[in-house]
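Okay, so here's the structure we're looking at.
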Ligand code: ATP
């Protein structure tokens, strides 16, 4: 299968089964926006829950916040986004399409689209990526604000609030997830580059000290790589990519990306950035508030340094889907970690028109619902139901058949090898729990 073919198949499966639809599709869409359907929303929620559990629930040194998307515009001035959040663009003089100067592969690709004609380009120009909005009810009095271009600022402006309202002590982190918006020039590669997307971040505050900085930067690199590995993503398809000093963002002292090998090549799913005291210093300066941390033991006051880990939810989901897509002996299935799978279990009565089978299956379905996201299906034949569950990655399908009525057992069919086990109904919940949790018990 060539790479474009694979991507086309994944996009089609996402639409067909309800993972991801083009945004506002009935109106012809809106470029760079995507809507997650019923199974996509479940997959996304499972990823975010695992991320939050590993970083907030299971750690003593990280707390979570959920800040507003709309912020006082001064915050964007302070963080440097109004001035520096822009990509230099070049424009094709033939068709006036614009491309990022730092993406030579897109430029070469575009040149090919003009055949033998020689393409000349304008000098690079800067474009601001922040999405503007107007806030207020009186037409002439509306204030221009910006939809957040990254979620970091909501954490930085609350640094002092968190210090004052909790017992955190350096080193500690503040976690957040939520939507971000960027006027991307060329959205594309399905959800990879969207104009509305979601991020999951931790800002980890440390002593302003070079060796602490190095230590925590390395710590977070391997911690986050372990997270992707714990989701079952193929190790050979993940790598670190250090940013060259001249390509680093305006705030970064050091930066590394974790990249996944998508069908079009290795590309970024998350960034690890050593932000130094850039954000707190600027917010202190622009707000006039003292944002320093006071060491309770030494009494020393300082602005801490920040090691940021910033993951894209949508890009992580895309990497998970690409990695899970499997074709085997004519079968298509998503080999998803059971903790990520939209449904952990599906329950079927063998025949929809036999009330005794339906009744027993419904009881099992309702019992399991308490613990798992369970799918119910009684349409068509059993083969079609298996195929539908395979395509959304359901790891276990439970079928109630005629033998079930006699001996209170059911079949459990495994997604990855299509093998079946016969299990007592009374033992089903324990049996499934073991299989679901043993796959990825190490939530890092
Ligand atoms: P790129 O160089 O690909 O534009 P970036 O370096 O600007 O990305 P960051 O600002 O570091 O990205 O954002 C952190 C994460 O947010 C990225 O690793 C990515 O997963 C996600 N992200 C950024 N921009 C987009 C986008 N337009 N669509 C989807 N996810 C995005």
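The values are calculated or read from the model by the stated rules, or taken from the named source; none is laboratory data. Just so it is clear, the structure is predicted and the values come from calculations on it, not from any experiment. Cβ placement follows ideal geometry from the backbone for every residue including glycine, while neighbour counts extend to all protein chains displayed.
Return the only residue of 262, 240 being crowded, with 21+ Cβ neighbours inside 10 Å, at negative phi, under 19 Å from the mean Cα position of the chain (by Cα) and within 15 Å of the ligand (Cβ to nearest atom). Explain how you work it out, then say what you get.
On the way: 240 fails: crowded, with 21+ Cβ neighbours inside 10 Å.
Going through 262, 240 in turn, the sole match is 262.
Is one or more of the residues making up the stretch 300-307 without any contact (Cβ under 8 Å) to a residue 60 or more places away in the chain and over 30 Å from residue 7 (Cα atoms)?
Checked against the condition, which is being without any contact (Cβ under 8 Å) to a residue 60 or more places away in the chain and over 30 Å from residue 7 (Cα atoms), the stretch 300-307 yields at least one hit.
Restricting attention to the stretch 147-184, which residues are near the ligand (Cβ under 10 Å from one of its atoms) and either touching a helix residue (DSSP H, G or I) at 6+ places or on another chain (Cβ under 9 Å) or more than 20 Å from residue 54 (Cβ to Cβ) (or both)?
149, 150, 152, 180, 181, 182, 183, 184
Might you let me know whether the stretch 290-305 holds any residue that is within 14 Å of the ligand (Cβ to nearest atom) and more than 30 Å from residue 395 (Cβ to Cβ)?
no
Residue-wise test of (1) over 26 Å from residue 338 (Cβ atoms); (2) at pLDDT below 95.
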{"residue": "5", "(1), (2)": "yes, yes"}
{"residue": "15", "(1), (2)": "no, no"}
{"residue": "25", "(1), (2)": "yes, no"}
{"residue": "30", "(1), (2)": "yes, no"}
{"residue": "33", "(1), (2)": "yes, no"}
{"residue": "38", "(1), (2)": "no, no"}
{"residue": "48", "(1), (2)": "no, no"}
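Take the stretch 142-178 and flag every residue that is touching a strand residue (DSSP E or B) at 6+ places or on another chain (Cβ under 8 Å) and assigned to a helix (DSSP H, G or I).
Step one: of the stretch 142-178, the residues touching a strand residue (DSSP E or B) at 6+ places or on another chain (Cβ under 8 Å) are 142-152, 154-156, 158-159, 162-163, 166, 168, 170-178.
Once the filter is applied, which keeps residues that are touching a strand residue (DSSP E or B) at 6+ places or on another chain (Cβ under 8 Å) and assigned to a helix (DSSP H, G or I), the stretch 142-178 yields 152, 154, 155, 156, 159, 162, 163.
Can you spot a residue in the stretch 422-443 that is more than 30 Å from residue 309 (Cα to Cα) and in a loop (DSSP other than H, G, I, E, B)?
no
Against the condition in contact (Cβ under 8 Å) with a residue 60 or more places away in the chain, buried (at least 17 other Cβ atoms within 10 Å of the Cβ) and in contact with a strand residue (DSSP E or B) (Cβ under 8 Å, 6 or more places away or on another chain), how does residue 92 come out, does it pass?
no
Does any residue of the stretch 419-426 turn out to be crowded, with 18+ Cβ neighbours inside 10 Å and within 23 Å of residue 326 (Cβ to Cβ)?
No, the stretch 419-426 has no match at all.
Here is a yes/no grid of residues against (1) touching a residue at least 60 places away in the same chain (Cβ under 8 Å); (2) in the same structural domain as residue 173 (by TED's automatic domain parsing); (3) crowded, with 20+ Cβ neighbours inside 10 Å:
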{"site": "311", "(1), (2), (3)": "yes, yes, yes"}
{"site": "314", "(1), (2), (3)": "yes, yes, yes"}
{"site": "340", "(1), (2), (3)": "yes, no, yes"}
{"site": "347", "(1), (2), (3)": "no, no, yes"}
{"site": "366", "(1), (2), (3)": "no, no, no"}
{"site": "379", "(1), (2), (3)": "no, no, no"}
{"site": "383", "(1), (2), (3)": "no, no, no"}
{"site": "390", "(1), (2), (3)": "no, no, yes"}
{"site": "394", "(1), (2), (3)": "no, no, yes"}
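Might you let me know whether the stretch 49-63 holds any residue that is within 15 Å of the ligand (Cβ to nearest atom) and in contact with a strand residue (DSSP E or B) (Cβ under 7 Å, 6 or more places away or on another chain)?
Yes: one or more hits.
Can you tell which of 281, 253 is within 16 Å of the ligand (Cβ to nearest atom), surrounded by fewer than 21 Cβ atoms within 10 Å (Cβ to Cβ), over 30 Å from residue 188 (Cβ atoms) and in the same structural domain as residue 163 (by TED's automatic domain parsing)?
Being within 16 Å of the ligand (Cβ to nearest atom), surrounded by fewer than 21 Cβ atoms within 10 Å (Cβ to Cβ), over 30 Å from residue 188 (Cβ atoms) and in the same structural domain as residue 163 (by TED's automatic domain parsing) holds for just one of 281, 253, which is 253.
Somewhere in the stretch 118-137, is a residue surrounded by 15 or more Cβ atoms within 10 Å (Cβ to Cβ), part of a loop (DSSP other than H, G, I, E, B) and within 17 Å of the chain's Cα centre (by Cα)?
No, that holds for no residue.
Being in a helix (DSSP H, G or I), surrounded by fewer than 17 Cβ atoms within 10 Å (Cβ to Cβ) and in contact (Cβ under 8 Å) with a residue 12 or more places away in the chain is the filter here; which residues of the stretch 179-218 pass it?
The one that is in a helix (DSSP H, G or I), surrounded by fewer than 17 Cβ atoms within 10 Å (Cβ to Cβ) and in contact (Cβ under 8 Å) with a residue 12 or more places away in the chain: 212.
Could you check residue 304 against (1) in the same structural domain as residue 283 (by TED's automatic domain parsing); (2) within 30 Å of residue 9 (Cβ to Cβ) and say which number it fails?
(2) is the only condition that residue 304 fails.
For the subset of the stretch 244-288 comprising residues that are part of a strand (DSSP E or B) and free of Cβ contacts under 8 Å to residues at least 24 places away in the same chain, which member is nearest to residue 163 (Cα to Cα)?
255
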